[in-house]
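Novice: This structure is in structure tokens; I'll ask about it shortly.
Readers should treat all values here as calculations from the given coordinates under stated rules, not as data from a laboratory. Just so it is clear, the model here is predicted, and its values are computed rather than measured. Neighbour counts are summed over all protein chains in view; Cβ atoms, including those assigned to glycine, are modelled from backbone coordinates with ideal geometry.
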Amino acid sequence: MIKRAGIALIGAIVMATAAVAQTAPAKVADTSKGKALVDAKGMTLYVFDKDKDVPGKSACNGTCAENWPVLLASGSDKASGDWTIVARDDGKKMWAYKGRPLYTWKNDKAPGDVDGDGKLNGAWHIATP
């Protein structure tokens, strides 16, 4: 009887842990340019070459961030594995994948659009898994 209760307790703990486990802030989808990370709405995510200059920081602020909306993280979100959270100059937090902050492109209109790839003389790239 005690053994059975112990097994039930372990099962309950595992289920509770799974219930609060955070899911990744993006998923992988097919685009006309191959596999890409996309947000919850299926919109393609991008990385910016200038973000390499200062690891863990976004170089896209002001007008840049108006054109390239960031993949925002909430106050309760937690980093996990390849997914990290970057503090922005405006005080907001955003998601990064493998150290690269993630953005959408304002001119992508439908899931799977990849119009932002190669913009600004090739400084913007589709975020790939």
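Novice: Pull up the cross-link candidates among the lysines for Lys52, meaning alpha carbon to alpha carbon under 30 Å and not fewer than 8 places away within one chain.
Specialist: Cα-Cα hits under 30 Å: Lys27, Lys33, Lys35, Lys41, Lys78, Lys92, Lys93, Lys98, Lys106, Lys109, Lys119.
Novice: Quick one: length gained pulling Asp30 to Lys57 fully straight, 0.36 nm per residue minus the C-alpha distance?
Specialist: 6.9 nm
Novice: Which whole-number percentage describes the relative contact order of region 41-129, with Cα contacts under 8 Å and a sequence gap of 6 or more?
Specialist: It comes to 40 percent, rounded to a whole number.
Novice: Please report the net charge: other residues with Cβ closer than 12 Å to the Cβ of Tyr97, K and R +1, D and E -1.
Specialist: In short, 0.
Novice: Also, quick follow-up: How would region 23-126 be classified by its alpha-carbon gyration tensor: rounded, prolate or oblate, with rounded meaning a/c under 1.5 and the a/b versus b/c comparison settling the rest?
Specialist: Here region 23-126 falls in the oblate category.
Novice: Once fully extended, how much extra length lies between Lys41 and Val114, figured as 0.36 nm per residue of separation less the alpha-carbon to alpha-carbon distance?
Specialist: Additional length available on full extension: 24.9 nm.
Novice: Then there is this: To make sure I understand, if each residue's beta carbon is the centre and we count other beta carbons within 10 Å, what order do Ser58, Ser80 fall in, fewest to most?
Specialist: Ser80, Ser58
Novice: Which ³J(HN,Hα) values, rounded to whole Hz and listed in residue order, are derived for region 64-80 from phi using the Karplus coefficients 6.51, -1.76 and 1.60 in 6.51 cos²θ - 1.76 cosθ + 1.60 with θ = phi - 60°, glycine and proline given as x?
Specialist: So the J values, rounded to whole Hz, are 4, 5, 6, 7, 10, x, 7, 7, 5, 10, 7, x, 8, 5, 10, 5, 7.
Novice: To the nearest 0.05, how large is the calculated FRET efficiency for Asp49 and Leu72 if R₀ is 30 Å and r is the Cβ-Cβ distance?
Specialist: My answer for the efficiency is 0.90.
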